[in-house]
Every structure is written in C-alpha cells, then in structure tokens.
Amino acid sequence: MKVISQREFRNNSAAVMDAVEAGEIYHVTRNGVEVAELRPIPRRRRPTAEELVQRHRGLPKVEAAQMRQEADEFFGTEDRVDSDDVWEQGRG
C-alpha cells in the first residue's frame, strides 16, 4: 500500500490509475489525513471457449416439437406464421 497526497494524485492521476489497475492500493491524504483508498475492483475471469462448450453440453436438450406445441397452447395458432415458419425449417 502506498500513501499519496491529494495533490500527487491530481498531478499523476494517469500513472496512479495504471498502478491501481495493475493491483496496487493507494491511500490518498488531504492535509496529512487519509481520506480515501484506491484499490482495483475484483474482475471475474471470462470463461474460455472450452469452458463454454462444457457448460453447453450440460444443458437439457430442447425438443423443438414439444416447444412448438407448448407455444401453440399458450399463444394460440391464429397468428402463427405460414408454412415457411423458421421453427419448421430443416426438420423435414
């Protein structure tokens, strides 16, 4: 942890923020009294592509016909799209 004055922070804010981003913690003083602490925000690591694939494999399988039936029961079929419906494409 480093202690810097308000004036040092003002004059060197870019360098201080770079150091904070790199993991450094600063206490900022005003008239010799510590008034603030600058610390990096914990960042969540982004999952890798392989981790995302593994998560996807663990999801339940979606049955398109059952989902269509449930949607029709809930919303009705009077406003349903014609035979070129994207839900029906590619299912033969």
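The values are calculated or read from the model by the stated rules, or taken from the named source; none is laboratory data. Since this is a predicted model, take the numbers as computed values, not measurements. Note that each Cβ is placed from the backbone with ideal geometry, even for glycine, and that neighbours are counted across all protein chains shown. Please note that ligands, DNA and RNA were not included when accessible areas were found on the heavy atoms of the full protein model with its side chains. Shrake-Rupley method; radii C 1.70, N 1.55, O 1.52, S 1.80 Å.
Please name all residue pairs, on different chains or six or more residues apart, with Cβ atoms under 7 Å, provided the first residue is in region 51-69 and is within 27 Å of residue 80 (Cβ to Cβ) and in contact (Cβ under 8 Å) with a residue 12 or more places away in the chain and the second residue is open to solvent by 90 Å² or more (accessible area, probe 1.4 Å) and among the hydrophobic types (A, V, I, L, M, F, W, C).
Hits for this filter: 64/87; 68/87.
Is there any pair linking a residue in region 19-41 that is free of Cβ contacts under 8 Å to residues at least 40 places away in the same chain to one that is loosely packed, with under 10 Cβ neighbours inside 10 Å and not hydrophobic (A, V, I, L, M, F, W, C), with Cβ under 8 Å and at least six apart or on different chains, and which?
Going by the 8 Å Cβ cut-off, the qualifying pairs are 40/23.
Collect the residues in region 20-54 that are of a type in the set (Val, Ile, Thr), closer than 16 Å to residue 6 by Cβ and open to solvent by 60 Å² or more (accessible area, probe 1.4 Å), keeping them in residue-number order. Walk me through how you get there before you give the answer.
From region 20-54, those of a type in the set (Val, Ile, Thr) are 20, 25, 28-29, 33, 35, 41, 48, 53; that's our starting set.
Subsequent filtering for residues that are closer than 16 Å to residue 6 by Cβ retains 20, 28-29, 33, 35.
Selection gives 33, 35.
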